[in-house]
Amino acid sequence: MEAHKQHTGHAQPSQPGHAMSDHGAGNGNQYGKLAVMGVLSFISMYVLMYSMVDRFANIIPNVNQFYMAGLMTMPMIIIEVLVMSAMYMDKWRNALVIAVSAVALVGFFLLIRQQGFVGDKEFAKSMIPHHAAAILMAKEAKLTDPELQKLQQDIITAQEKEIKQMKDKLAELDK
């Protein structure tokens, strides 16, 4: 059995008469599934970040949401390969996946921290959902402190005003 493991790169079934599942077969298909999982996770994270927005009209796709979805997806891929190592038995591929994911993670981190490719339009498009999240939190918080309640109302008023300004500016920039 040990000779088979060294020759093929994967272990024999643990019990005689039981075929190894595709789960740990070592045939490379699991890496395709990992890629699909990464893409689906990226899409899910991109969409779910808008759950903090106060209303549908304030959901504006933007590059910062893209960066954040990538920033969250890359560690998930690295963790998947490390924790589920029995599924991903090709050490060279594992190292490649981890290295590419780590480089992408650093890239997404730097892009969001330095606001790469964020000009006037992307800034406004990014700030609308950000402000809408502040509105949602302020509207839904059940506050009892009078000073915080005043601040809560001020936040709602200011953020709504700024969202309108940004939407007006976007319309102007689109002309």
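The values are calculated or read from the model by the stated rules, or taken from the named source; none is laboratory data. Predicted model, so just to flag it, every value in this text is computed and none were measured. With ideal geometry, Cβ positions are generated from the backbone for all residues, glycine too; neighbour counts draw on all protein chains shown.
Restricting Val81, Val118 to those that are modelled with pLDDT of 95 or more, outside any helix (DSSP H, G or I) and either surrounded by 15 or more Cβ atoms within 10 Å (Cβ to Cβ) or aromatic (Phe, Trp, Tyr) (or both) reduces the list to Val118.
A quick yes/no check of all residues on (1) in a helix (DSSP H, G or I); (2) among the small types (Gly, Ala, Ser); (3) surrounded by 16 or more Cβ atoms within 10 Å (Cβ to Cβ):
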residue: Gly107; (1), (2), (3): yes, yes, no
residue: Pro129; (1), (2), (3): yes, no, yes
residue: Ile135; (1), (2), (3): yes, no, yes
residue: Ile155; (1), (2), (3): yes, no, yes
residue: Gln165; (1), (2), (3): yes, no, no
residue: Lys175; (1), (2), (3): no, no, no
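Within the range 40-53, identify whether any single residue is at pLDDT 95 or above and assigned to a loop (DSSP other than H, G, I, E, B), and answer yes or no. Within the range 40-53, one or more residues are at pLDDT 95 or above and assigned to a loop (DSSP other than H, G, I, E, B). Would you please name the residue that is surrounded by the fewest Cβ atoms within 10 Å (Cβ to Cβ), looking only at residues in the range 29-65 that are closer than 14 Å to His131 by Cα and hydroxyl-bearing (Ser, Thr, Tyr)? My answer is Ser51.
Tell me yes or no: at least one residue of the range 96-112 is over 30 Å from Tyr31 (Cα atoms), out of contact with any His (no Cβ under 6 Å at 6 or more places or on another chain), of a type outside the set (A, V, I, L, M) and at pLDDT 95 or above. Lay out the reasoning, then the answer.
Here is the first cut: in the range 96-112, the ones over 30 Å from Tyr31 (Cα atoms) are none.
For the range 96-112, residues over 30 Å from Tyr31 (Cα atoms), out of contact with any His (no Cβ under 6 Å at 6 or more places or on another chain), of a type outside the set (A, V, I, L, M) and at pLDDT 95 or above: absent.
Just one of (1) in a helix (DSSP H, G or I); (2) over 20 Å from Pro61 (Cβ atoms) fails for Lys142. It is (1). Scoring Ile98 on the criteria (1) closer than 29 Å to Ile163 by Cα; (2) more than 16 Å from the chain's Cα centre (by Cα); (3) surrounded by fewer than 19 Cβ atoms within 10 Å (Cβ to Cβ) leaves a single failure, condition (1).
For the range 54-87, what are the residues that are closer than 19 Å to Ser44 by Cβ and either touching a Lys or Arg at 6+ places or on another chain (Cβ under 7 Å) or touching a residue at least 60 places away in the same chain (Cβ under 8 Å) (or both)? Hits for the range 54-87 are Ile59, Ile60, Pro61, Asn62, Val63, Asn64, Gln65.
Scan (1) surrounded by fewer than 13 Cβ atoms within 10 Å (Cβ to Cβ); (2) touching a helix residue (DSSP H, G or I) at 6+ places or on another chain (Cβ under 9 Å) for the single condition Lys161 breaks and write down its number. All conditions are met except number (2).
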